[in-house]
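Reviewing the structure listed below.
The values are calculated or read from the model by the stated rules, or taken from the named source; none is laboratory data. Just so we're clear, the structure is a prediction, and the values are computed from it rather than from any experiment. So basically every Cβ, Gly included, is an ideal-geometry build from the backbone, and we count neighbours across all protein chains shown.
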Ligand code: ADP
Ligand code: ASP
Ligand code: MG
């Protein structure tokens, strides 16, 4: 029997009525004759509230206990949804991540899924039941409960879709799909019908939180098509799938922004081989994720290095950075939390020169200073002042006319060539 994984985000299960609405949708799919595995997030802002609660009793909550606490959010949602489905006359059974066989490494708060042993889920589906799995969580080899990082229910859903060989992974959320920019910031942003895993990977990595980056990574590795759509309407959403020859290739697929990073600048760094290696090796060993890096041209044997780290890691990173700066004989460390990053993503960038220049000109015309630039073959990112980010996103969206329909790249047509 065809199997589908349906994931419902926090807003979609935000209160009792919404849970009943989700139950109806799930039952409708099951009644069409498909096996349904449902993944749920915690209700509304439950995860944020639990984090705040932890902060009220502890300055540095123990990572194991914090994970134990946070996984409770998804447990509440899964049990309630199971009850609501039963009320509609269908059998359902809920599982925690651990019960569903989501095995992870030991990194509390950002665990990676290492294996999925979904026997209990498979058995439930074979018995005609609807299986409901708590998203965002798993279990480590030492049998400690772990969480997968913010937005992690998306990853649970894709991992289960791969294991169950589902025909698709449907991500139900509070917007109608993936847009050319966050529709809450750019009201004229356009919904995309389809985009490739690689384009979505860049958008997610650059901060478009509509899909968690690891979920997209997983989907790309296992070739899982993802359908991002609204839990409030039946409108088709956005398909994220393998790039094909005939897929429409927009020069630009969209803009992502990220206000969750902070900038660190180390000045007076001795300009000799091995210094950058020593600095970033130490940060990596301490588990600090460095994103953008820029090193200035050296003058008088010294240089400056700036980089960005997740703002949430700044407190734990600062003593490490201070220590390593001292070791390498740098002059000063300055941290700046008031930054944000804007990224322009598009596969067509590979073949269209001038995209970067146009982006920089647009920011300049809007009076927005660029502090760091980084690029990949299909992405350009700029760090700007945090309070300028929304203006930057709107200006760049406007300049590239992303509200208008696709500007298509020419795709060579085989049939034309054959008959040519
Ligand atoms: P859920 O709780 O359903 O997982 P999230 O809040 O994690 O929902 O993700 C959905 C949100 O992602 C939207 O409400 C929207 O504000 C934001 N978002 C950011 N970038 C985009 C984009 N390019 N397209 C659609 N939504 C986006
Ligand atoms: N509830 C978790 C969070 O808020 C996981 C998720 O929603 O995907 O990050
Ligand atoms: Mg999410």
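Observations, loosely collected:
- For the stretch 202-228, residues that are surrounded by fewer than 22 Cβ atoms within 10 Å (Cβ to Cβ) and more than 8 Å from the chain's Cα centre (by Cα) total 7.
- Filter result for residue 111 (within 16 Å of ligand 1 (Cβ to nearest atom), touching a residue at least 12 places away in the same chain (Cβ under 8 Å) and surrounded by 24 or more Cβ atoms within 10 Å (Cβ to Cβ)): no
- In the stretch 7-50, the residues that are in contact with a strand residue (DSSP E or B) (Cβ under 6 Å, 6 or more places away or on another chain) and within 12 Å of ligand 1 (Cβ to nearest atom): 7, 8, 9, 12, 13, 22, 39, 40
- The set of residues in the stretch 99-155 being within 16 Å of ligand 2 (Cβ to nearest atom), farther than 15 Å from residue 68 by Cβ and outside any loop (DSSP other than H, G, I, E, B) consists of 102, 113, 132, 133, 153, 154, 155.
- Residue 70 vs. criteria crowded, with 16+ Cβ neighbours inside 10 Å, at pLDDT 95 or above, part of a helix (DSSP H, G or I) and under 21 Å from the mean Cα position of the chain (by Cα): yes
- Under the condition of being closer than 16 Å to residue 227 by Cβ, touching a residue at least 40 places away in the same chain (Cβ under 8 Å) and surrounded by fewer than 21 Cβ atoms within 10 Å (Cβ to Cβ), the residues counted in the stretch 5-33 number 1.
- Looking across the stretch 156-175, the residues that are assigned to a helix (DSSP H, G or I) and within 16 Å of ligand 2 (Cβ to nearest atom) come down to 156, 157, 158, 159, 160, 161.
- Residue within the stretch 201-216 that is farther than 28 Å from residue 11 by Cβ and either within 16 Å of ligand 2 (Cβ to nearest atom) or part of a loop (DSSP other than H, G, I, E, B) (or both) present: no
- Residue ID - farthest from residue 396 (Cα to Cα), chosen from residues in the stretch 324-354 that are in contact (Cβ under 8 Å) with a residue 40 or more places away in the chain and assigned to a helix (DSSP H, G or I): 327
- Total residues in the stretch 79-100, condition in contact (Cβ under 8 Å) with a residue 40 or more places away in the chain and within 23 Å of residue 63 (Cβ to Cβ): 4
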